[in-house]
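Single-structure report; data block below.
Coordinate-derived values only; no laboratory data. Just so you know, these numbers come straight off a predicted model, no measurement behind them. Heads up, the Cβs are rebuilt from the backbone with ideal geometry, glycines too, and the neighbour counts pull from every protein chain shown.
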Amino acid sequence: MKGQREKRKLEPREKDITKSIRDLLKQLGIFHFKHWGGPMSEKGIPDILGIWQGRMLGIEVKRPSGKVSPEQEAFMLRINEAGGLAFVAHSVKDVIENLGIKDRFLV
């Protein structure tokens, strides 16, 4: 248990990953916003919502060891089935890959 806790301490915080992803989206000119869940909010809504190439975009941000809840999985599935693009991102690299824009970067 202690080893897992130590490993988790070394991981980037979710808020830092979110900031890096939002910085990338801003640089690319992608309309988006951070969703702040609350007691009146529907469960499972992705952390970042936006529009990518005319499609709804949903990005659920997690630490590398983070797990997606069943509600989050279901919400992302609904977005994807409706023609949008929703995925889990543990890093900026995940966003670049899921948006299919690797050719714009020296990754």
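For H35, the residues 5 or more places off, or on other chains, whose built amide H falls under 5 Å of its own are I48, L49. Measuring how big the chain is from its alpha-carbon positions, Rg and Dmax come out at 14.3, 46 Å. Between L106 and V68, the modelled labels are 3.3 nm apart [label points 7 Å from Cα along Cα→Cβ]. If contacts are Cα pairs under 8 angstrom and at least 6 residues apart, what is the relative contact order of the stretch 2-104 in percent? In percent, rounded to a whole number, it is 24.
Cross-link partners for K34 among the lysines, with Cα-Cα distance under 22 Å and sequence neighbours closer than 8 places in the same chain left out: K15, K19, K26, K43, K62, K67, K93.
Per-residue ellipticity at 222 nm from helix content only, as computed over the chain with -39500 (n - 2.57) for each DSSP H run of at least four residues, stands at -12000 deg cm²/dmol. GNM remark for the chain: springs join alpha carbons under 10 Å apart, and the peak mean-square fluctuation among S65, S91, S20 falls on S65.
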